[in-house]
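> Can you keep this structure in mind? I'll have questions shortly.
The values are calculated or read from the model by the stated rules, or taken from the named source; none is laboratory data. On a predicted model such as this, the values are computed, not experimentally measured, just so you know. Positions of Cβ are backbone-derived with ideal geometry, glycine not excepted, and every protein chain shown enters the neighbour counts.
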Amino acid sequence: MEQKSGLVGIYEKANPNSVWQDFCPWEAENGLFAADYDRIMPWLEKAMERMPVLAELGIKREVHGAISHPPDGNPLIGPAPGALNYWCCCGTQIGIGWGPGLTRELARWMVHGAADISMRDYDPRRFGA
């Protein structure tokens, strides 16, 4: 719980800051980056306009870490290319929102050979081998 505090989550859709384009190093498991207030100030200002109490409370703590997103924004759900009986379920932007439905369909795909809905937009094979 964030007692007497609020949480503001900022997710850039246009021109996001990108790191590790070719691969993510193993030692970067839970690493954080330095705060970049200049970059996120437009979102913070809007949040403080909507909820003036946030401006009064100030910033208590910042968490600036990497989030894995595939280039098209859709998660990787389905069989991994070139790996027998290996399935992907990663890269979700809205994990808590997409998680239950996508994992249900992944389970159906794994058990029955197909999901009840089209999973084409999430299939990791869409990027090739």
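> Which one is modelled with the highest pLDDT among residues in segment 22-46 that are under 17 Å from the mean Cα position of the chain (by Cα), closer than 14 Å to residue 63 by Cβ and assigned to a loop (DSSP other than H, G, I, E, B)?
Among those that are under 17 Å from the mean Cα position of the chain (by Cα), closer than 14 Å to residue 63 by Cβ and assigned to a loop (DSSP other than H, G, I, E, B), it is 33.
> Just a yes or no: is a residue in segment 68-76 part of a loop (DSSP other than H, G, I, E, B) and over 30 Å from residue 114 (Cα atoms)? Let's see the steps before the verdict.
We begin by selecting, within segment 68-76, every residue part of a loop (DSSP other than H, G, I, E, B); these are 68-75.
From what's left, over 30 Å from residue 114 (Cα atoms): none.
Checked against the condition, which is being part of a loop (DSSP other than H, G, I, E, B) and over 30 Å from residue 114 (Cα atoms), segment 68-76 yields no hits at all.
> Quick one: would you say residue 129 is more than 21 Å from residue 11 (Cβ to Cβ) and modelled with pLDDT under 90? Walk me through it before giving the result.
On the way: more than 21 Å from residue 11 (Cβ to Cβ): yes; modelled with pLDDT under 90: yes.
Spelling it out, residue 129 is indeed more than 21 Å from residue 11 (Cβ to Cβ) and modelled with pLDDT under 90.
> Could you please give the count of residues in segment 60-78 that are surrounded by 12 or more Cβ atoms within 10 Å (Cβ to Cβ) and over 12 Å from the mean Cα position of the chain (by Cα)?
Residues that pass the stated criteria total 4.
> Now for a separate question. State whether the residues of segment 18-40 include one that is in contact with a Lys or Arg (Cβ under 8 Å, 6 or more places away or on another chain) and either under 24 Å from residue 129 (Cβ atoms) or surrounded by 12 or more Cβ atoms within 10 Å (Cβ to Cβ) (or both). Full working, then the answer.
Residues of segment 18-40 in contact with a Lys or Arg (Cβ under 8 Å, 6 or more places away or on another chain): none.
For segment 18-40, residues in contact with a Lys or Arg (Cβ under 8 Å, 6 or more places away or on another chain) and either under 24 Å from residue 129 (Cβ atoms) or surrounded by 12 or more Cβ atoms within 10 Å (Cβ to Cβ) (or both): absent.
> Continuing with the same structure: Looking at segment 2-12, which of its residues are within 18 Å of the chain's Cα centre (by Cα) and either touching a residue at least 40 places away in the same chain (Cβ under 8 Å) or surrounded by 10 or more Cβ atoms within 10 Å (Cβ to Cβ) (or both)? Quick ask: steps written out before the conclusion?
Here is the first cut: in segment 2-12, the residues within 18 Å of the chain's Cα centre (by Cα) are 7-12.
Result: 8, 10, 11, 12.
> Considering each residue of segment 1-21, count those that are at pLDDT 80 or above and of a type outside the set (A, V, I, L, M), and give that number.
Of the residues in segment 1-21, 2 are at pLDDT 80 or above and of a type outside the set (A, V, I, L, M).
> Identify, from the list 81, 25, 52, 42, the residue that is closer than 30 Å to residue 106 by Cα and not assigned by TED's automatic domain parsing to the domain that holds residue 107. Can you show your working first?
Details: 81 fails: not assigned by TED's automatic domain parsing to the domain that holds residue 107; 52 fails: closer than 30 Å to residue 106 by Cα; 42 fails: closer than 30 Å to residue 106 by Cα.
It is 25.
> If you don't mind, another one. Would you pick out the residues in segment 94-129 that are outside any helix (DSSP H, G or I) and touching a residue at least 40 places away in the same chain (Cβ under 8 Å)?
Taking segment 94-129 first, the residues outside any helix (DSSP H, G or I) are 94, 113-119, 123, 128-129.
Those that are outside any helix (DSSP H, G or I) and touching a residue at least 40 places away in the same chain (Cβ under 8 Å): 119, 123, 128, 129.
> Here is a further query. Starting from residues that are of a type in the set (Lys, Arg) and at pLDDT 90 or above, keep the ones in segment 79-125 and report whichever is surrounded by the fewest Cβ atoms within 10 Å (Cβ to Cβ).
Keep residues of segment 79-125 that are of a type in the set (Lys, Arg), which gives 104, 108, 120, 125.
This time we only want the ones that are at pLDDT 90 or above, so: 104, 108, 120.
Working: 104: 13, 108: 15, 120: 11.
So the residue we want is 120.
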